[in-house]
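The values are calculated or read from the model by the stated rules, or taken from the named source; none is laboratory data. This is a predicted model, so every value here is computed, not measured. Note that we place each Cβ from the backbone using ideal geometry, even for glycine, and neighbour counts take in every protein chain shown.
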Amino acid sequence: MMFLTVFVACKEETKKETVVVEETKKETAYKSFGKEIIADDAITAKSMAEHYKSMKVGDSINSKMIAKVGDVCQAKGCWMKLDLENGEQVMVKFKDYGFFMPKNIAGQEVIINGKAYVNEVPVEELRHYAEDAGKSAEEIALITESKKTYSFEADGVLLVEEAL
């Protein structure tokens, strides 16, 4: 006679609890100026600063950059200076003076598209920019030498409005 022994394992039933974490992706809203551009593929200001370091007066490259606004022309918004995160700034003008920026956007983030270049700015032009920025007569008088500057001719700008 053959006995068949069957072992039945006592198995403790485990409940699997599924936790669903809903990820809310923040959408960034932009106000567009000039040519319509998209936010994708913009390099950081820090990366752009590295590109500028390797450029000589007269060199230019097409680029798209995201940076914080340092200063804006207080006369009519016809230029702005962006911080490059290394103590330097880039002077941004708008292609063919085709558009202007709001005068109250210092500290806000923008994405600019266009041509980055290195420029030698004469004393008269530097004084004009200082005047537009609201500098005092004494500060303007201290400008006595031309200056190698990082420049950018933007054909389109996105102003970061808010995260929704």
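The single condition from (1) over 14 Å from the mean Cα position of the chain (by Cα); (2) modelled with pLDDT under 95 that Asp155 fails is (2).
Taken together, the residues in the stretch 109-142 that are of a type outside the set (A, V, I, L, M, F, W, C), modelled with pLDDT of 95 or more and within 18 Å of Asp83 (Cα to Cα) amount to 5. Any chance the stretch 43-61 includes a residue that's closer than 24 Å to Glu161 by Cβ, at pLDDT 95 or above, touching a helix residue (DSSP H, G or I) at 6+ places or on another chain (Cβ under 9 Å) and hydrophobic (A, V, I, L, M, F, W, C)? Yes, because at least one residue in the stretch 43-61 is closer than 24 Å to Glu161 by Cβ, at pLDDT 95 or above, touching a helix residue (DSSP H, G or I) at 6+ places or on another chain (Cβ under 9 Å) and hydrophobic (A, V, I, L, M, F, W, C).
Candidates are the residues of the stretch 36-46 that are surrounded by 15 or more Cβ atoms within 10 Å (Cβ to Cβ) and out of contact with any Ser or Thr (no Cβ under 9 Å at 6 or more places or on another chain); the one that is nearest to Leu159 (Cα to Cα) is Ile37.
Residues in the stretch 54-108 that are under 17 Å from Lys147 (Cβ atoms), of a type outside the set (Asp, Glu) and touching a strand residue (DSSP E or B) at 6+ places or on another chain (Cβ under 9 Å): 14 in all. Of the residues making up the stretch 28-46, just one is over 22 Å from Glu85 (Cβ atoms) and either within 13 Å of the chain's Cα centre (by Cα) or assigned to a helix (DSSP H, G or I) (or both), namely Ile38.
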